[in-house]
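Remarks on the structure that follows.
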Amino acid sequence: MTPRTFTRSARTTAPIEAVWPLIGEARRWRQWSFLDHSDLESEGDPAPDGVGAVRTFTRYGVGSREEVLAWDPPHHLAYTILSGFPVRDYRADVVLTSERQPGDAASAPVGTTVTWSVRFEPRVPGTGLVTAGILRPLIRGFVTSVCRYADRMDGVGAGGAGAATPS
(Lines give C-alpha, C1' and ligand atoms only; values in the text may rest on other atoms or scores of the structure.)
Protein backbone atom coordinates (compact mmCIF):
# COMPACT_ATOMS: atom_id res chain seq x y z
CA MET A 1 0.00 0.00 0.00
CA THR A 2 1.11 3.54 -0.69
CA PRO A 3 1.81 5.64 2.41
CA ARG A 4 -0.34 8.72 2.91
CA THR A 5 1.30 11.94 4.06
CA PHE A 6 0.18 15.45 4.92
CA THR A 7 1.35 18.45 6.91
CA ARG A 8 -0.60 21.13 8.76
CA SER A 9 0.81 24.20 10.47
CA ALA A 10 -0.29 27.30 12.33
CA ARG A 11 1.34 30.20 14.13
CA THR A 12 0.92 31.65 17.60
CA THR A 13 2.40 34.76 19.14
CA ALA A 14 3.24 32.77 22.28
CA PRO A 15 6.90 31.89 22.85
CA ILE A 16 8.07 28.36 22.15
CA GLU A 17 8.64 27.79 25.90
CA ALA A 18 4.89 28.34 26.50
CA VAL A 19 3.74 26.20 23.57
CA TRP A 20 5.98 23.17 24.14
CA PRO A 21 4.34 21.98 27.40
CA LEU A 22 0.93 22.07 25.71
CA ILE A 23 2.18 19.63 23.05
CA GLY A 24 4.90 17.73 24.90
CA GLU A 25 3.00 16.94 28.11
CA ALA A 26 0.18 14.47 27.51
CA ARG A 27 -1.86 15.55 30.51
CA ARG A 28 -2.05 19.13 29.18
CA TRP A 29 -3.90 18.18 25.96
CA ARG A 30 -7.34 18.21 27.57
CA GLN A 31 -6.79 21.89 28.46
CA TRP A 32 -6.66 23.06 24.85
CA SER A 33 -8.20 20.30 22.72
CA PHE A 34 -11.64 18.74 22.38
CA LEU A 35 -10.41 15.66 24.27
CA ASP A 36 -11.96 14.89 27.64
CA HIS A 37 -9.16 12.52 28.67
CA SER A 38 -5.40 12.83 28.13
CA ASP A 39 -3.05 10.82 30.29
CA LEU A 40 0.01 8.62 30.47
CA GLU A 41 -0.36 4.86 30.57
CA SER A 42 3.37 4.52 31.18
CA GLU A 43 6.23 6.97 31.55
CA GLY A 44 9.08 7.47 29.13
CA ASP A 45 12.67 8.66 29.33
CA PRO A 46 13.08 11.29 30.54
CA ALA A 47 10.09 10.90 32.84
CA PRO A 48 7.28 11.42 32.50
CA ASP A 49 6.59 12.25 28.83
CA GLY A 50 9.84 11.27 27.07
CA VAL A 51 10.71 8.56 24.57
CA GLY A 52 8.78 5.35 25.20
CA ALA A 53 5.92 7.04 27.08
CA VAL A 54 2.54 5.57 26.17
CA ARG A 55 -0.15 8.24 26.05
CA THR A 56 -3.91 7.83 25.93
CA PHE A 57 -6.29 10.37 24.41
CA THR A 58 -10.06 9.95 24.32
CA ARG A 59 -13.34 11.73 23.77
CA TYR A 60 -16.43 9.96 25.13
CA GLY A 61 -14.31 6.85 25.64
CA VAL A 62 -13.15 6.65 22.01
CA GLY A 63 -9.58 7.54 21.16
CA SER A 64 -6.05 6.39 20.70
CA ARG A 65 -2.99 4.96 22.43
CA GLU A 66 0.26 6.46 21.26
CA GLU A 67 3.94 5.87 21.94
CA VAL A 68 6.44 8.72 21.99
CA LEU A 69 9.27 8.10 19.49
CA ALA A 70 11.17 11.39 19.83
CA TRP A 71 11.00 14.01 22.56
CA ASP A 72 13.31 16.99 22.16
CA PRO A 73 11.96 19.93 24.19
CA PRO A 74 11.03 22.53 23.11
CA HIS A 75 11.33 21.70 19.42
CA HIS A 76 10.26 18.19 18.41
CA LEU A 77 7.80 15.48 19.43
CA ALA A 78 7.26 12.33 17.35
CA TYR A 79 4.80 9.56 18.09
CA THR A 80 3.19 6.49 16.62
CA ILE A 81 -0.36 5.22 17.09
CA LEU A 82 -0.47 1.87 18.87
CA SER A 83 -4.25 1.44 18.75
CA GLY A 84 -7.46 3.32 18.16
CA PHE A 85 -7.17 4.10 14.43
CA PRO A 86 -7.20 1.70 11.49
CA VAL A 87 -3.64 2.57 10.48
CA ARG A 88 -0.22 0.98 10.48
CA ASP A 89 3.22 2.54 10.31
CA TYR A 90 1.73 5.80 11.58
CA ARG A 91 4.23 8.48 12.49
CA ALA A 92 3.58 12.09 13.37
CA ASP A 93 6.29 14.67 13.85
CA VAL A 94 5.34 17.88 15.62
CA VAL A 95 7.95 20.58 15.18
CA LEU A 96 7.91 23.91 17.02
CA THR A 97 9.93 26.75 15.53
CA SER A 98 10.60 30.14 17.15
CA GLU A 99 9.69 32.97 14.81
CA ARG A 100 11.53 36.30 14.60
CA GLN A 101 10.77 39.65 13.00
CA PRO A 102 11.13 39.31 9.21
CA GLY A 103 14.56 40.44 8.10
CA ASP A 104 15.96 40.61 11.63
CA ALA A 105 17.59 37.31 12.60
CA ALA A 106 19.02 38.90 15.76
CA SER A 107 15.63 40.04 17.11
CA ALA A 108 13.86 38.44 20.04
CA PRO A 109 11.36 35.70 19.13
CA VAL A 110 7.88 36.99 18.30
CA GLY A 111 6.00 33.71 18.25
CA THR A 112 6.01 30.04 17.38
CA THR A 113 5.06 28.03 14.32
CA VAL A 114 3.66 24.57 15.01
CA THR A 115 4.09 22.13 12.11
CA TRP A 116 2.46 18.69 12.34
CA SER A 117 3.51 16.14 9.69
CA VAL A 118 1.80 12.76 9.42
CA ARG A 119 2.63 9.58 7.53
CA PHE A 120 0.57 6.40 7.66
CA GLU A 121 -0.64 3.38 5.74
CA PRO A 122 -4.26 2.27 6.03
CA ARG A 123 -4.68 -1.04 7.82
CA VAL A 124 -7.55 -2.02 5.52
CA PRO A 125 -6.78 -1.85 1.78
CA GLY A 126 -8.81 0.76 -0.07
CA THR A 127 -9.53 2.92 2.98
CA GLY A 128 -6.65 5.39 2.66
CA LEU A 129 -8.79 8.27 1.38
CA VAL A 130 -11.40 7.79 4.09
CA THR A 131 -8.79 7.52 6.83
CA ALA A 132 -6.96 10.60 5.55
CA GLY A 133 -10.33 12.37 5.39
CA ILE A 134 -10.68 11.80 9.13
CA LEU A 135 -7.07 12.46 10.13
CA ARG A 136 -6.49 15.68 8.14
CA PRO A 137 -9.22 17.74 9.85
CA LEU A 138 -8.38 16.14 13.20
CA ILE A 139 -4.74 17.24 12.94
CA ARG A 140 -5.74 20.65 11.55
CA GLY A 141 -7.98 21.03 14.59
CA PHE A 142 -5.15 20.14 16.96
CA VAL A 143 -2.76 22.60 15.31
CA THR A 144 -5.19 25.52 15.31
CA SER A 145 -6.56 24.74 18.79
CA VAL A 146 -3.16 24.64 20.46
CA CYS A 147 -2.18 27.92 18.76
CA ARG A 148 -5.43 29.64 19.74
CA TYR A 149 -5.03 28.46 23.33
CA ALA A 150 -1.41 29.63 23.40
CA ASP A 151 -2.51 33.01 22.02
CA ARG A 152 -5.06 33.38 24.83
CA MET A 153 -2.38 32.44 27.37
CA ASP A 154 -0.10 35.03 25.75
CA GLY A 155 -2.80 37.73 25.96
CA VAL A 156 -3.69 37.92 22.27
CA GLY A 157 -7.22 36.53 22.63
CA ALA A 158 -9.34 34.51 20.24
CA GLY A 159 -8.74 35.32 16.62
CA GLY A 160 -5.01 35.77 17.16
CA ALA A 161 -2.28 34.59 14.86
CA GLY A 162 -2.95 30.90 15.51
CA ALA A 163 -6.48 31.28 14.25
CA ALA A 164 -5.48 33.43 11.30
CA THR A 165 -2.71 31.35 9.77
CA PRO A 166 -3.57 27.66 9.61
CA SER A 167 -2.50 25.77 6.50
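The values are calculated or read from the model by the stated rules, or taken from the named source; none is laboratory data. All values derive from a computational prediction rather than experimental measurement. All Cβ positions, even for glycine, are placed from backbone atoms using ideal geometry, and neighbour counts span all protein chains on display.
Brief remarks follow.
- Residue ranges of strands (runs of 3 or more DSSP E) in region 15-123 with at least 2 members farther than 20 Å from Y149 by Cβ, among the β-branched types (V, I, T) and within 14 Å of the chain's Cα centre (by Cα): 76-83
Here is a yes/no grid of residues against (1) hydrophobic (A, V, I, L, M, F, W, C); (2) buried (at least 16 other Cβ atoms within 10 Å of the Cβ); (3) at pLDDT below 95; (4) more than 18 Å from I134 (Cα to Cα):
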{"residue": "L40", "(1), (2), (3), (4)": "yes, yes, no, yes"}
{"residue": "T56", "(1), (2), (3), (4)": "no, yes, no, yes"}
{"residue": "V62", "(1), (2), (3), (4)": "yes, no, yes, no"}
{"residue": "P73", "(1), (2), (3), (4)": "no, yes, no, yes"}
{"residue": "P86", "(1), (2), (3), (4)": "no, no, yes, no"}
{"residue": "R91", "(1), (2), (3), (4)": "no, yes, no, no"}
{"residue": "P109", "(1), (2), (3), (4)": "no, no, yes, yes"}
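- Some residue of region 135-151 being in contact with a strand residue (DSSP E or B) (Cβ under 8 Å, 6 or more places away or on another chain), of a type in the set (D, E, K, R), assigned to a strand (DSSP E or B) and modelled with pLDDT of 95 or more: no
- Any hit, region 13-30, residues being among the acidic types (D, E) and either without any contact (Cβ under 8 Å) to a residue 12 or more places away in the chain or more than 25 Å from F120 (Cα to Cα) (or both): yes
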